[in-house]
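Following: one structure in structure tokens, then a few remarks.
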Amino acid sequence: MSTDTTPLERGSLDGECEVPEAKQTPVDMQRLEQAVREILAAVGEDPAREGLLETPGRVARMYAELFSGLHEDPRQYLQKVFTEKYDEVVLVRDISFNSMCEHHLLPFMGKAHIGYIPNGKVLGLSKLARVVESVSRRPQVQERMTEEIAHLLESELDAKGVAVVVEATHTCMTIRGVRKPGSLCVTSAMKGLFRTNQSSRTEIMQLINGDRR
Ligand code: ZN
């Protein structure tokens, strides 16, 4: 082992937080429909029953929409920046999203809060929401999604600090399994100044939590 590698922090997903390249092959709608018919038959339903006739097509279109992020590259939203001398915290709070847990293919939904300290480059605010949308519209894990957003901003914007906090309700925990409605999963990823400087981290967490709690 080389000595210059920094040890990963506990819980860190460094190394697997790079968003994969956009898929070039289109969604195979026929295959999707067939798979839905298979699921219906496997659980004991009759896919030919009148009420279910159009279900495979509907579900196929729904999956294509929910996983549309696989076919785009979120980096595209981080290319148009403005040169500004502003070097204080920029925070966009309460960006709502919905995603699909890759372990159960059940939705999880919630809010993302994204803060960064610009390094001469400022991003259009709506672009942060676009990035969240793009990263969430694919089979996901909340921890990885949080890291991916932070990594994207850090690498593309060259920001002095990036803070991403995601809070979400997982239907795989509320409607099945342990059935704990109301439980909220909170994840965070801190980069640059927010990682190394305690007062910057405290400031951003106060801004994110605001007067809500
Ligand atoms: Zn799950």
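The values are calculated or read from the model by the stated rules, or taken from the named source; none is laboratory data. None of these values were measured; they are calculated from a predicted model. Here the Cβ positions follow ideal geometry from the backbone for every residue, glycine too, while neighbour counts run over all protein chains shown.
From the residues in region 181-200 that are farther than 23 Å from residue 127 by Cα and in a helix (DSSP H, G or I), which one is farthest from the ligand (Cβ to nearest atom)?
Checking each candidate, the answer is 199.
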(message) What's the total number of residues in region 1-39 that are within 16 Å of residue 150 (Cα to Cα) and at pLDDT 85 or above?
(response) 3
(message) Can you tell me which residue is nearest to the chain's Cα centre (by Cα) among those in region 115-154 that are farther than 21 Å from residue 100 by Cβ and part of a strand (DSSP E or B)?
(response) 115
(request) Check 93, 130, 144 and return the single one that is of a type in the set (Lys, Arg) and within 16 Å of the ligand (Cβ to nearest atom). (result) 144
(request) Being under 19 Å from residue 20 (Cα atoms) and modelled with pLDDT of 95 or more narrows it down to one of 107, 139, so name that one. (result) 139
(request) Give just the number: which of (1) closer than 26 Å to residue 24 by Cβ; (2) in contact (Cβ under 8 Å) with a residue 60 or more places away in the chain; (3) within 16 Å of the ligand (Cβ to nearest atom) does residue 105 not satisfy? (result) (2)
(message) For residue 99, only one of the following conditions fails: (1) within 15 Å of residue 148 (Cα to Cα); (2) polar (S, T, N, Q); (3) part of a helix (DSSP H, G or I). What is its number?
(response) (3)
(request) Look through 35, 60, 41, 48 and report the one residue that is of a type in the set (Gly, Ala, Ser), not in a helix (DSSP H, G or I) and not assigned by TED's automatic domain parsing to the domain that holds residue 157. (result) 48
(message) Being within 25 Å of residue 206 (Cα to Cα) and away from the ligand (no atom under 16 Å from the Cβ) is true for just one of 77, 116. Which residue is that?
(response) 116
(request) Working only within region 147-170, note down all residues that are touching a strand residue (DSSP E or B) at 6+ places or on another chain (Cβ under 7 Å) and either among the charged types (D, E, K, R) or within 16 Å of the ligand (Cβ to nearest atom) (or both). (result) 147, 154, 158, 160, 166, 167, 168, 169, 170
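Being among the charged types (D, E, K, R), crowded, with 16+ Cβ neighbours inside 10 Å and either closer than 12 Å to residue 74 by Cα or not assigned by TED's automatic domain parsing to the domain that holds residue 108 (or both) narrows it down to one residue among 133, 154; which is it?
Only one candidate passes the filter, namely 133.
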(message) Looking only at region 156-170, filter to residues that are touching a Leu at 6+ places or on another chain (Cβ under 9 Å) and not in a strand (DSSP E or B); which one of those is farthest from residue 70 (Cα to Cα)?
(response) 160
(request) Filter region 171-180 down to residues that are in a loop (DSSP other than H, G, I, E, B) and touching a strand residue (DSSP E or B) at 6+ places or on another chain (Cβ under 8 Å) and give me whichever is farthest from the ligand (Cβ to nearest atom). (result) 175
(request) Give 43, 89 a once-over and let me know the one that is surrounded by 13 or more Cβ atoms within 10 Å (Cβ to Cβ) and hydrophobic (A, V, I, L, M, F, W, C). (result) 89
